[in-house]
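Only one structure is covered here, and it is reproduced in the block below.
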Amino acid sequence: MNWNGTLRVSEARCIFITKAHWNYGRAGWTKIRYAQAVTRTTPSANTLLLDEFDNSPETSAGMGFHPSWMERIMVEQGRRLFCWLPVAVALGALTYLTLRFEPPLWPASGISGCVAVAVWFWRKHPALLFLFLVFLGLLVGFLDASWQTRRQPPMPSLPTRASVVTGQVIALETLPPRPGSDEGGRRIILAHATFDTPVDAGMAPLKRTLRLKLRDDDPASPLPGSTVQIMAMLRSPSAPSWPGGRDLQREAWFSGSAGSGYALGTLQHVDSADTTAGLEGLREAIEARIESVLPGQTGAIAATLLAGEAGGIDASTRQEFAASGLAHLLAVAGLHLGLVMAVVTVSVRALLTAFERLALYWPCREIAAVSGFFAGIGYVLLTGAHLPSVRALGMAALVTLALVTGRRALSIRSLALIALVILLVSPVSVLDVSFQMSFAAVMGLIAGYEVLREPLVRLRGEGRSVRVILSHLAALSLTSLLAGLATLPVSMAHFGIFQPWFVLANMLAVPLAAVWIMPAGLLSLLLMPLHAAGLPLIVMGWGIRIIQIIAHTVATFPFAYAPVPAMPGWGLAALLLGLCWLCLWKGWPRLVGLGPIGVGILSIWMAPHPDLLVSADAGLLALRGDGVLMVGPHGSLENLALQDWERALALPTGSLPPDCMTGLCRVSLKGQTVLLRAKDSLDGVRLPSEQDCQGISLFVSASPARNACPGVPFIDRFSVWRNGAYAVFLHRGGPVLVSDRSWRGSRPWVPAIGSHGMPNLPLAEAE
């Protein structure tokens, strides 16, 4: 027997294995066996604990132990099994968020207690322990999402007429230019807002924020912290434009937003505060300096990268960057933060190691890591502290902690720990596109480098300068390739766009940004107090112009911006689970993850698509037929819904038949006849005749239907008022009507029928 331990039993006649279990320690999963020794003198048996043994197949077979295939798999994965805990937590949170009813908490709490007891009793079996831990993660994610939902303040009732709003400015944002315009607007975010209306007199300040777009001719530039007053029209978060579409009401519920609006008058200052005036003034000064050296769109992009001011980028530039897959370079997020921290860390470490005494006696690596982290903090504050960059900063904090404590800075387990912390703090992040794309990219990078590490080492060779340069260039290109391949299907799912040249563009642009643009930009920031930032800005501008050329060239490639239909929710879940399996699992079984990824991508064309759509106010009707989305008459307020439909179905728009644009019309589609009334100047006073109702399967009216066709399903203005937007699927057995309310169910973020939010009750008088 090939044991690592030693068994000492005096005068033992025989030894045989009676018990065996797996133990999880520093070395991962190991087998612990109990031996029973039978002695001459004592008929009873003594159970002795043996040390860890060599669990090779020969040894196990020789001792009569044959581990199951599940146990062998668990042993091979080792500590990597921990990485599935955040995946289970994410699935638990996703289950809660996608339910169509508000579940009670006591069943989940009882089940979690039973699971904890089961984990204790089954802890000696690795396969069952793993399954129980996954189930426990599901429960934790479910309960955490439920608790986060219940702790949010209620959605307030906003005035339906023009009102004077008083609140404290917490941010001033520059909006991108509108279609057909080269100038963008400005928007303020107000906290502790109150309304000057008779109904809301004496109300308590809102616990949620308001976003108000300022007038274009408003010269005011309020500083964060100041109290302002403005006349505005307000609106609550919009319902989805189609069942299964983007849920802005759920996003507002968890983000703390009460709604948005637009100003009718100019901004009036009530109380000034300059607590953050220094930072805001610094941002404006940096932007002005950049524009004086780099005019045009090159300067606008540089201002975005260094100061977070994206308002100067015009629509054509954004379109080219979006078509080439480089739109993420125009929004400050984790990529830019990572580049800034990497540049500072590498520079500080190179400076310290240049001095022999410092290199020998100082912890250069740790000092460089901490310096890079503080530089990242300054960069996030300077660029406006947007949510994606703040989340990336939290991830960077854990990476810095790993470097300081001597652990691997970036591994699958550290990434899993970061994901677990983010999901526990904000379980709704599982639905956030930035969260999904960020972790998909990093998982792809870690898993890819695990496989390709040896070829890169062979390429580096003995460390000659040429080979070192080639290895670094290969690593940068490989980074873009792996991140691009991992995020491409996720981008297809959320944005409905297939960009086959996305990977190529990023392989060229991202290394350029890493080694040229961001280092020159950071150097210019350091030299600005000395009024010597001109040359670094010019060098930075050269790199930006090259990226602009890349974006323009790639955008002209064939199929560079091909729209695809919306991916169903189950397809996106299958895609992400397959990606997790491909990246988290060790060995050849990881290739099994390609199956769910393929199913998720094919779900775009496998899932049924609606044949008829009705907007949430019945102001817009559309039919899908002959590769065209036929749209009825509508106003400018329905343009956003129409854009969502175009993106969801990936179809060009056309007009309904001429007779449908003025009154009643009959449309045949998939063997069904639909009676349409897309526009009604009489508001439903004139009812369809019996002849109009004969042989129809569905009646859709923008005005009240008033049960004009007995026995025929109908959708009218009152239907969408009660149930939201509608999607109709035509089958041989008849139409299937799916409403937004039936899709989302009864959840805290879904307003009740006829509800406008929680009334803003006045404060109680002091005694």
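The values are calculated or read from the model by the stated rules, or taken from the named source; none is laboratory data. Quick caveat, the model's predicted, so the values are computed rather than measured. Don't worry about glycine lacking a Cβ; one is built from the backbone with ideal geometry, like all the others, and counts go over all protein chains shown.
Details
- Residue match in region 666-678 (condition: touching a residue at least 12 places away in the same chain (Cβ under 8 Å) and in a helix (DSSP H, G or I)): no
- Residue match in region 509-528 (condition: under 19 Å from Leu330 (Cα atoms), under 22 Å from the mean Cα position of the chain (by Cα) and buried (at least 21 other Cβ atoms within 10 Å of the Cβ)): yes
- Remark: pairs (first residue in region 280-301, over 22 Å from Leu329 (Cβ atoms) and in a helix (DSSP H, G or I); second residue modelled with pLDDT under 85 and of a type in the set (S, T, N, Q); Cβ separation under 9 Å; 6+ apart in sequence or on different chains) = Glu280/Ser221; Glu284/Ser221.
- So Ile497, is it within 27 Å of the chain's Cα centre (by Cα), among the hydrophobic types (A, V, I, L, M, F, W, C) and more than 19 Å from Gly444 (Cβ to Cβ): yes
- Helices (runs of 4 or more DSSP H) fully within region 468-576 counting 1 or more residues that are of a type in the set (S, T, N, Q) and either without any contact (Cβ under 8 Å) to a residue 60 or more places away in the chain or more than 30 Å from Arg246 (Cα to Cα) (or both): 518-527, 534-555
- The residue list Ser755, Ser703, Ser681 contains one member that is surrounded by fewer than 20 Cβ atoms within 10 Å (Cβ to Cβ), touching a residue at least 12 places away in the same chain (Cβ under 8 Å) and among the hydroxyl-bearing types (Ser, Thr, Tyr), which is Ser703.
Conditions (1) within 24 Å of Leu656 (Cβ to Cβ); (2) among the small types (Gly, Ala, Ser); (3) in contact with an Asp or Glu (Cβ under 6 Å, 6 or more places away or on another chain), marked per residue:
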| position | (1), (2), (3) |
| --- | --- |
| Ala678 | yes, yes, no |
| Asp683 | yes, no, no |
| Gly734 | yes, yes, no |
| Leu737 | yes, no, no |
| Pro751 | no, no, no |
| Asn760 | no, no, yes |
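- Evaluation of Glu638 against (1) surrounded by 17 or more Cβ atoms within 10 Å (Cβ to Cβ); (2) part of a loop (DSSP other than H, G, I, E, B) (one fails), failing number: (2)
- Residues being small (Gly, Ala, Ser) and either in contact with a strand residue (DSSP E or B) (Cβ under 6 Å, 6 or more places away or on another chain) or within 19 Å of Ser524 (Cα to Cα) (or both) - total across region 322-367: 3
- Region 361-374, subset hydrophobic (A, V, I, L, M, F, W, C) and surrounded by fewer than 20 Cβ atoms within 10 Å (Cβ to Cβ), residue farthest from Leu335 (Cα to Cα): Trp362
- Listed by first and then second residue, the pairs linking a residue in region 591-614 that is closer than 30 Å to Arg666 by Cα to a residue that is surrounded by 18 or more Cβ atoms within 10 Å (Cβ to Cβ) and of a type in the set (Lys, Arg), with Cβ atoms under 9 Å apart and 6 or more places separating them unless they lie on different chains, are His609/Arg624; Pro610/Arg624; Asp611/Arg624; Leu612/Arg624; Leu613/Arg624.
- Hey, Met233 surrounded by 15 or more Cβ atoms within 10 Å (Cβ to Cβ), within 19 Å of Pro156 (Cα to Cα), modelled with pLDDT under 90 and out of contact with any His (no Cβ under 6 Å at 6 or more places or on another chain) or not: no
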